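The values are calculated or read from the model by the stated rules, or taken from the named source; none is laboratory data. The structure presented is a predicted model; accordingly, all values stated were derived computationally and were not measured. Cβ placement follows ideal geometry from the backbone for every residue including glycine, while neighbour counts extend to all protein chains displayed.
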Amino acid sequence: MDGAELLWTEAYDEGVVTEVIRPAAVVPEEAARRVLMELAVNDVRIGGSWMAEPAIWRRYDGPWSDSDTSTELLGTIQVAYGVPTRYEITIFRATITRPGTQRGFTVESLCNEALAYGGLTIETCPRADLRPPPQPFRFGG
């Protein structure tokens, strides 16, 4: 499912749940390495159920195969690599599709499944520091 198709599905499909994670969850460097390694090992193209890309992690109901096109997208986690520091990952939004909702997935359970590879849950994950932006610099005069 490409980005446009996912957007259309989210906009028009009942049963889709999208939640903005506030404050955003920050996966520390060591946990981020473990999560990314395990997501790669569990890639949907090699018998797993995840597809991890730099902006989005997708969870499917099973592996892809050449002859089977019935694999369903269960949910997505939107991430930003290198934020707030170079080796951290920030999780800022998650979506559960209708098939995911029907199988009992929640935003929390989807995030927890991925974060468990790094020994975290969405509740124990550090949160982004939401300080107000600095005042603009003004020249004295």
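Residues that are touching a residue at least 60 places away in the same chain (Cβ under 8 Å), closer than 26 Å to Asp129 by Cα and among the aliphatic types (A, V, I, L, M) are absent from the stretch 68-87 altogether.
For (1) touching a strand residue (DSSP E or B) at 6+ places or on another chain (Cβ under 9 Å); (2) of a type in the set (Val, Ile, Thr); (3) surrounded by 12 or more Cβ atoms within 10 Å (Cβ to Cβ), each residue gets a yes or a no:
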residue	(1), (2), (3)
Arg22	yes, no, no
Arg33	no, no, yes
Asp43	yes, no, yes
Arg59	yes, no, yes
Ala80	yes, no, yes
Val83	yes, yes, yes
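With respect to Leu115, is the statement that it is part of a loop (DSSP other than H, G, I, E, B), under 22 Å from Arg33 (Cα atoms), modelled with pLDDT of 95 or more and not basic (Lys, Arg) true? Walk me through how you get there before you give the answer.
Numbers: part of a loop (DSSP other than H, G, I, E, B): no; under 22 Å from Arg33 (Cα atoms): yes; modelled with pLDDT of 95 or more: yes; not basic (Lys, Arg): yes.
No; evaluated as a whole, the condition is false for this residue.
Within the stretch 29-46, being out of contact with any Ser or Thr (no Cβ under 9 Å at 6 or more places or on another chain) and either under 13 Å from Leu120 (Cα atoms) or among the aliphatic types (A, V, I, L, M) (or both) holds for Glu30, Ala31, Ala32, Arg33, Arg34, Val35, Leu36, Met37, Leu39, Ala40, Val41, Ile46.
When you check Thr124 against the structure, is it over 20 Å from Met51 (Cβ atoms), modelled with pLDDT of 95 or more and surrounded by fewer than 16 Cβ atoms within 10 Å (Cβ to Cβ), yes or no? Yes.
For the stretch 34-67, the tally of residues that are in contact (Cβ under 8 Å) with a residue 40 or more places away in the chain and either among the hydroxyl-bearing types (Ser, Thr, Tyr) or within 19 Å of Arg103 (Cβ to Cβ) (or both) stands at 5.
Each residue in the stretch 98-121 was checked for being without any contact (Cβ under 8 Å) to a residue 24 or more places away in the chain, of a type outside the set (Ser, Thr, Tyr) and either crowded, with 20+ Cβ neighbours inside 10 Å or over 14 Å from Ala31 (Cα atoms) (or both), and 2 of them qualify.
For Thr95, are the conditions met, namely being out of contact with any helix residue (DSSP H, G or I) (no Cβ under 9 Å at 6 or more places or on another chain), of a type in the set (Ser, Thr, Tyr) and either surrounded by 18 or more Cβ atoms within 10 Å (Cβ to Cβ) or not in a loop (DSSP other than H, G, I, E, B) (or both)? Quick ask: steps written out before the conclusion?
Numbers: out of contact with any helix residue (DSSP H, G or I) (no Cβ under 9 Å at 6 or more places or on another chain): no; of a type in the set (Ser, Thr, Tyr): yes; either surrounded by 18 or more Cβ atoms within 10 Å (Cβ to Cβ) or not in a loop (DSSP other than H, G, I, E, B) (or both): yes.
Considered against the rule, which asks whether it is out of contact with any helix residue (DSSP H, G or I) (no Cβ under 9 Å at 6 or more places or on another chain), of a type in the set (Ser, Thr, Tyr) and either surrounded by 18 or more Cβ atoms within 10 Å (Cβ to Cβ) or not in a loop (DSSP other than H, G, I, E, B) (or both), Thr95 comes out as no.
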